[in-house]
Amino acid sequence: MAATSPPSPNLSSSGCKHRLPLERTALARDFAPSCAIPLRFLIFGLLCLAAATGWLLIHPAMVLAPYHTPHTVAWAHLYILGFALSTVMGASYQIVPVALGVQLHSERLAAFHPILHIVGVTLLVPMFFVWSLPMVTLGGTLLISGALLFSYNLARTLRRIPRFDAVAAS
């Protein structure tokens, strides 16, 4: 029988030599906002993706239609604002505090933001479809208000960074 040496203390169970210290992972968990904040955006984004994909499957000729028709404009806003922007904002609310090791400036503002965003997209897309520009303006105003709220909250969060390092610079 060959004698085996005990495992090295700096190796994880997968054999990786580089792992995060325990206190770093605990801090990341402490800085994470409530799960409800990013999940509202991510679930709404997935619903918008499903709606945009279903719409495109039902009307595939819309891809070849001129880009300035009401249906195409409505579909583009559903996909870009409903899916892409929702996903980016939801992920940002989760990733920024955890990656930078700071608390989110205001979870109350972050909890109010999805209301503005979801109502704005839900109002904007159908109103583009029927081309009711006064109602499009209202939906757009809600979306811009939400985007300003998001920018303010993240800017104040970024000001809390205790030290400026490579993670904060990127």
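Filtering segment 103-127 to residues that are under 17 Å from Ala84 (Cβ atoms), in contact (Cβ under 8 Å) with a residue 40 or more places away in the chain and not aliphatic (A, V, I, L, M) leaves His113, Pro114, His117.
For Ser8, the conditions (1) among the small types (Gly, Ala, Ser); (2) at pLDDT 50 or above; (3) open to solvent by 40 Å² or more (accessible area, probe 1.4 Å) are fulfilled apart from (2).
Of the numbered criteria (1) open to solvent by less than 50 Å² (accessible area, probe 1.4 Å); (2) at pLDDT 95 or above; (3) of a type outside the set (Val, Ile, Thr), the one Met62 fails is (2). Here is a check on your reading of the model: is Leu39 at pLDDT 90 or above, open to solvent by 70 Å² or more (accessible area, probe 1.4 Å) and not in a loop (DSSP other than H, G, I, E, B)? Criteria met by Leu39.
The values are calculated or read from the model by the stated rules, or taken from the named source; none is laboratory data. Please read all numbers here as calculations on a predicted model, not as lab measurements. For neighbour counting, all protein chains shown are included, and Cβ atoms are generated from backbone atoms with ideal geometry for every residue, glycine included. Each accessible area value is taken on the protein alone, full model and side chains, heavy atoms only, with ligands, DNA and RNA left out. Shrake-Rupley method; radii C 1.70, N 1.55, O 1.52, S 1.80 Å.
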